[in-house]
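Asks: Below are the structure tokens for one structure; questions will follow.
Laboratory data are not the source of any read-out in this text; all were calculated from the coordinates shown. From a predicted model like this one, the values you see are computed outputs, not experimental measurements. Cβ sites come from the backbone with ideal geometry, for glycine too, and all protein chains shown count toward neighbours.
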Amino acid sequence: MTPGVRPEGLWAALRPSRRAETFTAWALVLPALIGFLLFHAWPTWRAVQISLTDWNLLSEPRFVGLDNYVRLLRDEGFWQGMKLSGLYVLLNIPLQIAFGLFLAVAMDRLSRSLFVKSVVLLPYLLSNVLVAMVWLWMLDPLLGWVNEVLTQLDIERQPFFGGVDQALLTVAAVNIWRHMGLVALLFLAGLQNIPRSLYEAAALEGASEWQMFRRISLPLLRPVMVFVLVTSVTGSFQIFDTIVVTTNGGPLDSTRVIVHYIVQNAFSYYRMGYASAMSMVLCLVMLAYTVLQMRILRASENDLA
């Protein structure tokens, strides 16, 4: 402390600057806070209210308490939608992370060109609807060029989106292709934050590339892995637009995932209360998964520290 300056005087001198910093902080946070309240918090609260009613959009909502939640426990369509969403996650996430991590390591070791990064990220920058329409055309059983190539190779034409056993797998493959570039850049950012000295020390000790990846890269990528897993799984459970464009829940409901079933109940059957109840259950499932995932992978800890 400066000699002769009382603590009260020092605090008074700092107060204007603190006020300016507080005002600046609020000015920066306020737009995001307003957006969160308007587009997330308020709609969520309204969905909770609507989930306790019987409402068809045409008449006044009728309060029914927890009847909608009791009903969905016996609804085979709801559980089938959850099952298909879980299966889609199992088809989508492991390969998406594996391919993304492979691309990240390849770019980190071989090329850090901005052009390469742009090409890798390009599929993610395209809209889901556009990507789905392009792949729907390319995989068409009669006119798609993919089946033309298979025919030239003496392989039978495949239904892809039109096959009960292939539709969900095809949707997963399309979304893996679209999202693995973003996953790769996230992992690349994590790799570039790892000190090079760790790899140099490991190389001097005679460690192979695989040993350095398994003992250094993977453990230190844990915070990025947590973020990728949480956001990817949450996004995969919300898959909707790709399915609407390509299969619309078919064939034979083989791709009617939970969000498609919720939207169908809300805007085709006009069961807004019931659809809101299913949305709340899905939200709780995602919240529980996020908390569990962050605890298991120790998201609050930093290995580099």
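Asks: Using the Cα atoms of the chain to build a convex hull, what is its mean projected area in square nanometres?
Replies: Mean projected area for the chain: 26.3 nm², to one decimal.
Asks: Put +1 on the Cβ of every Lys and Arg and -1 on every Asp and Glu Cβ in segment 148-220; which of Ala203, Gln158, His179 then has its Cα farthest towards the positive end of the dipole?
Replies: Ala203
Asks: From the backbone phi of segment 61-78, what are the Karplus-calculated ³J(HN,Hα) couplings (6.51 cos²θ - 1.76 cosθ + 1.60, θ = phi - 60°) in whole Hz, Gly and Pro given as x?
Replies: Taking θ as phi minus 60°, the curve returns x, 10, 5, 10, x, 8, 4, 5, 5, 5, 5, 5, 5, 9, 8, 5, x, 5 Hz for segment 61-78.
Asks: Could you work out the longest stretch of the chain that avoids the GluC sites (Glu not before Pro) located in DSSP loops with at most 10 other Cβ atoms within 10 Å?
Replies: The longest such stretch corresponds to 1-155.
Asks: Can you sort Lys117, Lys83 so the residue with the fewest Cβ neighbours within 10 Å comes first?
Replies: So the ranking, lowest neighbour count to highest, is Lys83, Lys117.
Asks: For a quick protection proxy, order the peptides 135-145, 119-129 by their average other-Cβ count within 10 Å, most packed first.
Replies: Output ranking for 135-145, 119-129: 135-145, 119-129.
Asks: Suppose the chain between Phe227 and Asp154 were pulled fully straight at 0.36 nm per residue; how much longer would it get relative to their current alpha carbon spacing?
Replies: Length gained between Phe227 and Asp154: 21.9 nm.
Asks: Taking the chain as a Gaussian network, Cα atoms linked when under 10 Å apart, which of Gln158, Gln80, Gln96 shows the biggest mean-square fluctuation?
Replies: Most flexible of the set in this elastic network: Gln158.
Asks: Ok, one more. Sticking with the crude label model, points 7 Å out along Cα→Cβ, report the distance from Leu297 to Ala25 in nm, one decimal please.
Replies: Calculated label separation equals 2.9 nm.
Asks: Using the number of other C-beta atoms within 10 angstrom as an exposure proxy, rank Phe213, Phe161 with the fewest first.
Replies: Ordered by Cβ neighbours within 10 Å, fewest first: Phe213, Phe161.
Asks: Also, quick follow-up: Per residue of the chain, what 222 nm ellipticity follows from adding -39500 (n - 2.57) for every DSSP H run with n ≥ 4, rounded to the nearest 500?
Replies: It lands at -22500 deg cm²/dmol.
Asks: Please give the length that would be gained between Ala41 and Val70 if that part of the chain were fully extended, namely 0.36 nm times their separation in residues minus their C-alpha to C-alpha distance (nm, one decimal).
Replies: 8.0 nm
Asks: Can you tell me which of Leu90, Leu30, Leu101 moves the most in a GNM of the chain? Springs connect C-alpha atoms under 10 Å apart.
Replies: Leu30
Asks: Normalise the Debye intensity by I(0) for segment 197-305, one equal point scatterer per Cα, no solvent, then take log10 at q = 0.10, 0.11, 0.12 Å⁻¹ and round to two decimals.
Replies: The Debye formula, applied to the Cα set alone, gives -0.50, -0.57, -0.63.
Asks: Let me ask you something else. Quick check on segment 52-208: take the gyration tensor over C-alpha atoms, sort the square-rooted eigenvalues as a ≥ b ≥ c, and tell me if it's rounded (a/c under 1.5), prolate or oblate.
Replies: It comes out oblate by the Cα gyration axes.
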